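Inspection log for the structure reproduced underneath, given as structure tokens.
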Amino acid sequence: MQALLDSAEHIVKTHGKEALTPSAVSKGAGIARNSIYRYVHDMDDLCQLLLERHMPHWQHALEEGLAQIQDPVDIITAWVRINLDEAVGEGKGWLLEIPNLPMDKIPQDQAGSKEDQHDKQGREDGRTEQAGPSDRDREANAEQQGTTGKDRSNKAYGEFNHNYRHIKQLYSQIDEPMMKAWQALNRDKARIGIALTRGMLGSSMHLLTIRGTSPVYGDKPGATADDQSHKSRKQQAEQAAIIEDTVQACRTIAESFRGEERPD
């Protein structure tokens with residue numbers, strides 16, 4: 001499993017999420033293509049495990065950065081800054097390439113098996129190799145493992161829900177300081193503040209991605225070392241500006257909510 005994660009991380013770091021295919025991952029890990037499905041159900045599953053791999057460090061950065069802060073507004077703005085710094089900091093911008101598990105779109109009691117989710121999504125958007133195993137791959141893998149379709153589906157359902165709950169718990173731990181700060185700042189409007197903060201953070205991360213400010217993947221033909229260095233400095237300046245604007249906007253919003261709660 002570690003070999004698969006190492007291979008996937010290297011691919012995303014050097015070539016981006018679009019290059020993350022079963023063939024590329026299995027080749028990098030030194031295993032047969034079909035064997036990848038003994039460990040994960042599809043590429044989305046692998047992406048989530050890769051994200052989970054780095055969550056503890058992310059959480060530690062938040063705990064360390066927020067440890068000495070008391071004021072709720074300062075906690076909220078620091079929380080936003082730390083999250084953005086962790087996402088696009090030196091050597092970590094590739095994490096922006098990994099999609100988040102759609103918690104609000106896959107209720108736990110309606111999730112079904114990951115395999116079923118893949119089948120449904122594959123029919124809807126026509127995803128190809130990157131999405132996951134073909135029917136032939138599943139059949140070959142089932143034959144190797146000596147399992148039936150029902151056994152496989154039940155196992156996938158259990159594993160997916162386990163991963164779902166664990167990743168949801170990790171996200172909740174990361175959100176907790178910000179949510180508590182909003183409760184302390186203005187309990188009557190905390191839900192609004194939390195939604196605004198999450199929205200601004202997500203929009204900022206999206207902007208960092210579409211503006212091309214995440215790290216450069218690979219070298220373009222003809223690009224010199226000076227060209228790459230100049231582009232890197234420009235990207236870092238753009239990143240810093242987006243982060244600072246987001247942090248200041250969040251501070252302004254939080255300050256506007258200070259002390260507005262209704263009296264008991």
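Summary of computed values
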| item | result |
| --- | --- |
| Residue selected from the range 15-39 under the condition within 17 Å of the chain's Cα centre (by Cα) and modelled with pLDDT of 80 or more, by the criterion farthest from residue 171 (Cα to Cα) | 19 |
| Residue check for residue 63: of a type outside the set (Lys, Arg), surrounded by fewer than 21 Cβ atoms within 10 Å (Cβ to Cβ) and under 17 Å from the mean Cα position of the chain (by Cα) | no |
| Close pairs (7 angstrom Cβ cut-off, 6 or more residues apart or separate chains): within 14 Å of residue 174 (Cα to Cα) in the range 48-69, polar (S, T, N, Q) and surrounded by fewer than 17 Cβ atoms within 10 Å (Cβ to Cβ) anywhere | 59/173 |
| Residue ID - modelled with the lowest pLDDT, chosen from residues in the range 172-187 that are farther than 17 Å from residue 82 by Cα and out of contact with any Phe, Trp or Tyr (no Cβ under 9 Å at 6 or more places or on another chain) | 187 |
| Candidate set from the range 79-91 (those that are touching a Pro at 6+ places or on another chain (Cβ under 9 Å) and buried (at least 17 other Cβ atoms within 10 Å of the Cβ)); member that is modelled with the lowest pLDDT | 88 |
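The values are calculated or read from the model by the stated rules, or taken from the named source; none is laboratory data. This is a predicted model, so every value here is computed, not measured. Using ideal geometry, Cβ is built from the backbone for each residue, glycine included, and neighbour counts are taken over all protein chains shown.
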